[in-house]
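Single-structure report; data block below.
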Amino acid sequence: MDVATAIRTRRSHKLFAGDHVDDATLAELIELATWAPNHRFTEPWRFTVVPHPALPSLIAAIAEAMRGPDGELSDKARTKLHKITGIIAPAGAAIAVRQALATDDAERLREDYAACACAIQNMQLAAWSRNIASYWTTSDAIMGPKLSAFWNLQANEQMVGVVVLGTPAAEVKAVRYKRAQDLTIWLPAPVPSE
Ligand SMILES: Cc1cc2nc3c(=O)[nH]c(=O)nc-3n(C[C@H](O)[C@H](O)[C@H](O)COP(=O)(O)O)c2cc1C
């Protein structure tokens, strides 16, 4: 699959078919993620891999985080957990991208966050070109503060996203309301002098 096709046809998928994504493929996706642009060669990305056999431990950690002060799951939490379990259990693996916060310089932090976002896009496109679907989640239920220990988030890091990967179980339609040309300002080219 060429790059343009991968970019145009990649969609966020949440319906997975239950197949594993093998460790070698996961390692390759991470290696490809690390080729993303990053200003000043900060390489701010860090990764936590949940291979398929460990996905039940992710679901258990999510469930634990949803418990109220009484240790019980509310009806709302139970419904949400059921939905999340339906997505994650048949997935092939999940990879969290953590950002190293190596500085308190706001510009550098912004650049490093942008670099981590590029790394996630690399990962999703590389996966899709190998027929592996994915979606990027920033859901509090999956990567909020109560899940920090599960993801091995370090004191000087922040979560950027979790990419859930797997064999797609259904087609997903593209949604784009805007046309690129309506979002673009072209500056006039200089008129050549005679
Ligand atoms: C920063 C970021 C956070 C996202 N968080 C979520 C999320 O929490 N849950 C979700 O279902 N999708 C999430 N998405 C995926 C978007 O919803 C998805 O990209 C969008 O609907 C466009 O669909 P497409 O990826 O198929 O083009 C996120 C995407 C980005 C860039």
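The values are calculated or read from the model by the stated rules, or taken from the named source; none is laboratory data. For clarity, every value in this text was computed on a predicted model and none was experimentally measured. FYI the Cβ positions are ideal-geometry reconstructions off the backbone, even for glycines, and counts take in every protein chain you see.
What the table below lists for this structure:
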| quantity | calculated |
| --- | --- |
| Matching helices (runs of 4 or more DSSP H) fully within segment 1-86 where at least 1 residues are among the charged types (D, E, K, R) and more than 16 Å from the ligand (Cβ to nearest atom) | 23-33, 55-66 |
| Residue list for segment 88-108, filter: closer than 27 Å to ASP19 by Cβ and crowded, with 20+ Cβ neighbours inside 10 Å | ILE88, ALA91, GLY92, ALA93, ALA94, ILE95, ALA96, VAL97, ARG98 |
| Scan of segment 109-137 for residues that are away from the ligand (no atom under 12 Å from the Cβ), surrounded by 21 or more Cβ atoms within 10 Å (Cβ to Cβ) and under 16 Å from PHE16 (Cα atoms), ordered by number | ALA127, ILE132 |
| Every residue from segment 138-171 that is surrounded by fewer than 15 Cβ atoms within 10 Å (Cβ to Cβ), farther than 21 Å from GLU64 by Cβ and within 13 Å of the ligand (Cβ to nearest atom) | ALA170, GLU171 |
| Selection count where residues are crowded, with 19+ Cβ neighbours inside 10 Å and of a type in the set (A, V, I, L, M), scope segment 8-29 | 3 |
| Residue in segment 183-192 that is outside any helix (DSSP H, G or I), more than 10 Å from the ligand (Cβ to nearest atom), among the polar types (S, T, N, Q) and modelled with pLDDT of 95 or more present | yes |
